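The values are calculated or read from the model by the stated rules, or taken from the named source; none is laboratory data. Values in this document were obtained by computation on a predicted structure and should not be read as measured data. Glycine also receives a Cβ, built like all others from the backbone with ideal geometry; neighbour counts cover every protein chain displayed. Surface accessibility is based on the protein's heavy atoms, side chains included, excluding ligands, DNA and RNA. Shrake-Rupley method; radii C 1.70, N 1.55, O 1.52, S 1.80 Å.
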Amino acid sequence: MQIFFIPEISGDVVKLSAEESKHAVKVLRLSDGDRVQIVDGKGGFYQAEIVDANHKSCVLKIVEAVADFEKRNFRLHMAIAPTKNIDRFEWFLEKCTEIGIDEITPFLSEHSERKVIKPERLEKILVSAMKQSLKAYLPQLKELTSFPDLLKNEFTGKKFIAHCNDGVKPHLKNEITSGDDVLILIGPEGDFSPVEVEEAKAHGFQEISLGNARLRTETAGVVACHIVNLANE
(Lines give C-alpha, C1' and ligand atoms only; values in the text may rest on other atoms or scores of the structure.)
Protein backbone atom coordinates (compact mmCIF):
# COMPACT_ATOMS: atom_id res chain seq x y z
CA MET A 1 0.00 0.00 0.00
CA GLN A 2 1.30 3.46 -0.91
CA ILE A 3 2.19 5.90 1.84
CA PHE A 4 2.05 9.71 1.70
CA PHE A 5 3.13 12.58 3.95
CA ILE A 6 0.74 15.30 5.08
CA PRO A 7 2.28 17.42 7.85
CA GLU A 8 -0.94 19.10 8.99
CA ILE A 9 -4.09 17.00 9.33
CA SER A 10 -7.39 18.42 10.58
CA GLY A 11 -10.66 16.56 10.13
CA ASP A 12 -11.23 13.41 8.13
CA VAL A 13 -10.89 14.90 4.63
CA VAL A 14 -7.38 15.90 3.55
CA LYS A 15 -5.51 16.81 0.39
CA LEU A 16 -2.12 15.73 -0.89
CA SER A 17 0.38 18.38 -1.95
CA ALA A 18 0.62 19.17 -5.66
CA GLU A 19 3.80 17.07 -5.91
CA GLU A 20 2.33 14.08 -4.04
CA SER A 21 -0.95 14.38 -5.98
CA LYS A 22 0.86 14.18 -9.32
CA HIS A 23 2.88 11.21 -8.10
CA ALA A 24 -0.23 9.41 -6.85
CA VAL A 25 -2.39 9.94 -9.93
CA LYS A 26 0.03 10.28 -12.86
CA VAL A 27 2.84 7.95 -11.74
CA LEU A 28 1.18 5.39 -9.46
CA ARG A 29 -2.13 5.66 -11.39
CA LEU A 30 -4.20 5.53 -8.23
CA SER A 31 -7.91 6.25 -8.64
CA ASP A 32 -11.06 6.86 -6.61
CA GLY A 33 -11.66 4.12 -4.07
CA ASP A 34 -8.02 3.09 -3.75
CA ARG A 35 -6.69 2.79 -0.20
CA VAL A 36 -3.48 4.51 0.88
CA GLN A 37 -1.63 5.28 4.09
CA ILE A 38 -0.70 8.69 5.48
CA VAL A 39 1.83 9.83 8.08
CA ASP A 40 2.03 13.32 9.53
CA GLY A 41 5.58 13.17 10.93
CA LYS A 42 4.25 13.74 14.46
CA GLY A 43 3.24 10.19 15.29
CA GLY A 44 -0.04 10.06 13.38
CA PHE A 45 -0.54 7.04 11.11
CA TYR A 46 -3.68 6.94 8.97
CA GLN A 47 -5.54 4.64 6.61
CA ALA A 48 -7.35 6.63 3.91
CA GLU A 49 -9.37 6.26 0.74
CA ILE A 50 -9.05 8.39 -2.38
CA VAL A 51 -12.30 10.24 -3.05
CA ASP A 52 -11.09 12.58 -5.81
CA ALA A 53 -8.07 11.41 -7.81
CA ASN A 54 -7.15 14.88 -9.06
CA HIS A 55 -3.52 15.04 -10.21
CA LYS A 56 -3.22 18.62 -8.94
CA SER A 57 -5.00 18.21 -5.61
CA CYS A 58 -5.81 14.64 -4.69
CA VAL A 59 -8.50 14.39 -1.98
CA LEU A 60 -8.51 11.61 0.63
CA LYS A 61 -10.95 10.55 3.31
CA ILE A 62 -9.42 9.18 6.50
CA VAL A 63 -11.04 5.90 7.57
CA GLU A 64 -8.74 4.94 10.46
CA ALA A 65 -6.32 6.94 12.62
CA VAL A 66 -3.62 5.79 15.03
CA ALA A 67 -1.92 8.34 17.28
CA ASP A 68 1.64 7.96 18.62
CA PHE A 69 2.31 5.14 16.17
CA GLU A 70 5.26 3.07 17.48
CA LYS A 71 6.25 5.86 19.86
CA ARG A 72 9.54 5.13 21.61
CA ASN A 73 10.40 5.69 25.27
CA PHE A 74 13.74 7.35 24.49
CA ARG A 75 15.10 10.11 22.29
CA LEU A 76 18.24 10.06 20.17
CA HIS A 77 19.81 13.35 19.14
CA MET A 78 22.90 13.17 16.97
CA ALA A 79 25.09 16.16 16.19
CA ILE A 80 27.33 15.47 13.21
CA ALA A 81 29.69 17.42 10.95
CA PRO A 82 28.44 17.27 7.32
CA THR A 83 30.83 15.41 5.03
CA LYS A 84 32.75 16.99 2.16
CA ASN A 85 30.87 14.71 -0.24
CA ILE A 86 27.25 15.62 0.48
CA ASP A 87 26.06 12.25 -0.87
CA ARG A 88 27.63 10.58 2.14
CA PHE A 89 25.80 12.89 4.54
CA GLU A 90 22.52 12.28 2.73
CA TRP A 91 23.14 8.53 3.04
CA PHE A 92 23.63 9.00 6.79
CA LEU A 93 20.32 10.87 7.07
CA GLU A 94 18.46 8.20 5.12
CA LYS A 95 19.83 5.22 7.04
CA CYS A 96 19.47 6.77 10.50
CA THR A 97 15.88 7.72 9.74
CA GLU A 98 15.19 4.12 8.74
CA ILE A 99 16.82 2.82 11.93
CA GLY A 100 15.32 5.43 14.26
CA ILE A 101 16.50 8.91 15.22
CA ASP A 102 14.69 11.95 16.63
CA GLU A 103 16.91 14.95 16.08
CA ILE A 104 19.93 15.80 13.92
CA THR A 105 22.13 18.87 14.29
CA PRO A 106 24.75 19.47 11.59
CA PHE A 107 27.64 21.51 12.95
CA LEU A 108 30.87 23.20 11.92
CA SER A 109 34.02 21.80 13.52
CA GLU A 110 37.65 22.95 13.40
CA HIS A 111 38.41 20.33 10.73
CA SER A 112 35.14 20.64 8.78
CA GLU A 113 35.54 20.58 5.01
CA ARG A 114 31.87 21.30 4.21
CA LYS A 115 30.52 24.58 5.49
CA VAL A 116 27.24 24.85 3.53
CA ILE A 117 24.22 22.54 3.31
CA LYS A 118 20.82 22.76 1.60
CA PRO A 119 18.16 22.07 4.26
CA GLU A 120 15.30 21.80 1.74
CA ARG A 121 16.92 18.87 -0.07
CA LEU A 122 17.89 17.19 3.20
CA GLU A 123 14.33 17.50 4.51
CA LYS A 124 13.06 15.70 1.40
CA ILE A 125 15.47 12.85 2.07
CA LEU A 126 14.22 12.56 5.65
CA VAL A 127 10.58 12.50 4.50
CA SER A 128 11.30 9.87 1.86
CA ALA A 129 13.15 7.66 4.35
CA MET A 130 10.38 8.06 6.92
CA LYS A 131 7.76 6.91 4.42
CA GLN A 132 9.89 4.09 3.04
CA SER A 133 10.48 2.65 6.52
CA LEU A 134 6.82 3.07 7.60
CA LYS A 135 7.61 5.45 10.44
CA ALA A 136 5.24 8.15 11.66
CA TYR A 137 7.80 10.46 13.26
CA LEU A 138 9.90 12.77 11.09
CA PRO A 139 13.37 13.47 12.52
CA GLN A 140 13.92 17.13 13.33
CA LEU A 141 16.74 18.68 11.29
CA LYS A 142 18.31 21.61 13.10
CA GLU A 143 20.16 24.52 11.51
CA LEU A 144 23.87 24.27 10.78
CA THR A 145 25.58 25.55 13.93
CA SER A 146 29.06 26.18 15.25
CA PHE A 147 30.68 23.69 17.61
CA PRO A 148 30.93 26.20 20.50
CA ASP A 149 27.23 27.07 20.15
CA LEU A 150 26.35 23.39 19.98
CA LEU A 151 28.04 22.71 23.31
CA LYS A 152 26.03 25.48 24.98
CA ASN A 153 22.67 23.92 24.11
CA GLU A 154 20.76 22.42 27.03
CA PHE A 155 20.33 18.64 27.06
CA THR A 156 19.09 16.59 30.02
CA GLY A 157 20.11 13.09 28.87
CA LYS A 158 23.45 11.34 28.52
CA LYS A 159 25.99 13.18 26.36
CA PHE A 160 28.79 11.48 24.41
CA ILE A 161 31.56 12.45 22.01
CA ALA A 162 32.96 9.78 19.69
CA HIS A 163 36.50 10.35 18.40
CA CYS A 164 39.61 8.48 17.29
CA ASN A 165 42.22 10.38 19.29
CA ASP A 166 44.56 8.39 21.54
CA GLY A 167 43.36 7.18 24.90
CA VAL A 168 41.26 4.42 26.43
CA LYS A 169 37.54 5.03 25.95
CA PRO A 170 34.56 2.84 26.92
CA HIS A 171 32.39 1.45 24.15
CA LEU A 172 29.09 3.24 23.64
CA LYS A 173 27.17 -0.02 24.07
CA ASN A 174 28.40 -0.28 27.66
CA GLU A 175 27.39 3.27 28.61
CA ILE A 176 23.70 3.32 27.69
CA THR A 177 20.66 1.50 28.97
CA SER A 178 17.10 1.18 27.72
CA GLY A 179 15.12 4.40 28.04
CA ASP A 180 18.11 6.75 28.08
CA ASP A 181 17.82 10.02 26.18
CA VAL A 182 21.11 10.32 24.30
CA LEU A 183 23.09 13.02 22.50
CA ILE A 184 26.10 11.87 20.48
CA LEU A 185 28.69 14.06 18.76
CA ILE A 186 30.28 12.72 15.55
CA GLY A 187 33.16 14.73 14.07
CA PRO A 188 34.26 15.52 10.50
CA GLU A 189 36.61 13.55 8.25
CA GLY A 190 39.62 14.97 10.09
CA ASP A 191 38.03 14.13 13.45
CA PHE A 192 37.70 16.47 16.40
CA SER A 193 40.75 18.42 17.46
CA PRO A 194 42.15 17.67 20.95
CA VAL A 195 40.97 21.14 22.02
CA GLU A 196 37.41 20.38 20.89
CA VAL A 197 37.42 17.10 22.81
CA GLU A 198 38.48 18.92 25.97
CA GLU A 199 35.81 21.59 25.42
CA ALA A 200 33.16 18.90 25.05
CA LYS A 201 34.32 17.17 28.24
CA ALA A 202 34.14 20.50 30.06
CA HIS A 203 30.50 20.72 28.99
CA GLY A 204 29.65 17.29 30.38
CA PHE A 205 30.27 15.05 27.35
CA GLN A 206 31.79 11.63 27.93
CA GLU A 207 34.36 10.22 25.52
CA ILE A 208 33.28 6.94 23.93
CA SER A 209 34.44 4.44 21.31
CA LEU A 210 32.39 2.84 18.54
CA GLY A 211 34.76 -0.12 18.21
CA ASN A 212 38.24 -0.89 16.93
CA ALA A 213 37.61 -0.05 13.28
CA ARG A 214 38.34 3.46 12.00
CA LEU A 215 35.01 4.59 10.57
CA ARG A 216 34.05 7.29 8.09
CA THR A 217 31.98 10.10 9.57
CA GLU A 218 28.71 8.91 8.06
CA THR A 219 29.41 5.28 8.98
CA ALA A 220 30.17 6.26 12.57
CA GLY A 221 26.84 8.07 12.71
CA VAL A 222 24.91 5.04 11.48
CA VAL A 223 26.79 2.68 13.83
CA ALA A 224 26.08 4.92 16.83
CA CYS A 225 22.42 5.17 15.84
CA HIS A 226 22.15 1.39 15.56
CA ILE A 227 23.84 0.81 18.93
CA VAL A 228 21.39 3.11 20.71
CA ASN A 229 18.40 1.47 19.03
CA LEU A 230 19.67 -2.03 19.86
CA ALA A 231 20.00 -1.04 23.53
CA ASN A 232 16.30 -0.19 23.46
CA GLU A 233 14.97 -3.38 21.87
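Values computed for the structure shown
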| read-out | value |
| --- | --- |
| Label-point separation in nm, Arg75 to Lys124, each point 7 Å along Cα→Cβ | 2.9 |
| Protection-proxy order for peptides 91-101, 186-196, each taking the mean of Cβ atoms within 10 Å per residue, highest first | 91-101, 186-196 |
| Extension gain from Val168 to Lys84, taking 0.36 nm per residue of separation minus the Cα-Cα distance | 27.4 nm |
| Shape call, the stretch 54-119: gyration tensor on alpha carbons, a/c limit 1.5 | oblate |
| Structure-derived P(r) over Cα pairs in 5 Å bins from 0, in percent: which label, when the choices are (i) 1, 8, 16, 21, 22, 17, 10, 4, 0; (ii) 1, 6, 14, 17, 16, 14, 10, 8, 6, 5, 2, 1, 0; (iii) 1, 6, 12, 15, 13, 10, 8, 7, 7, 7, 6, 4, 3, 1, 0, 0 | (ii) |
| With Cα atoms, 0 to 90° folded angle of helix 86-99 axis to the chain main axis | 70 |
| Protein accessible area in the stretch 115-169, 1.4 Å probe - carbon and sulfur % | 52 |
| Heavy-atom accessible area per residue - the chain, 1.4 Å, Å² | 52 |
| Relative contact order of the stretch 45-84, pairs being alpha-carbon contacts under 8 Å that are 6 or more residues apart, as % | 35 |
| Estimated FRET transfer efficiency when R0 is 45 angstrom, pair Ser57-His203 (beta carbons, to 0.05) | 0.40 |
| Reach of Lys61 by Cα under 28 Å, taken over lysines that are not fewer than 8 positions away in the same chain | Lys15, Lys22, Lys26, Lys42, Lys71, Lys124, Lys131, Lys135 |
| Signed unit charges on C-beta, dipole axis of the chain, positive-most listed residue Ser146, His171, Ala18 | Ala18 |
| In order through the stretch 41-58: 3J(HN,Hα) via Karplus (6.51 cos²θ - 1.76 cosθ + 1.60), integer Hz, x for Gly, Pro | x, 10, x, x, 10, 10, 9, 9, 10, 6, 10, 8, 7, 8, 6, 9, 7, 6 |
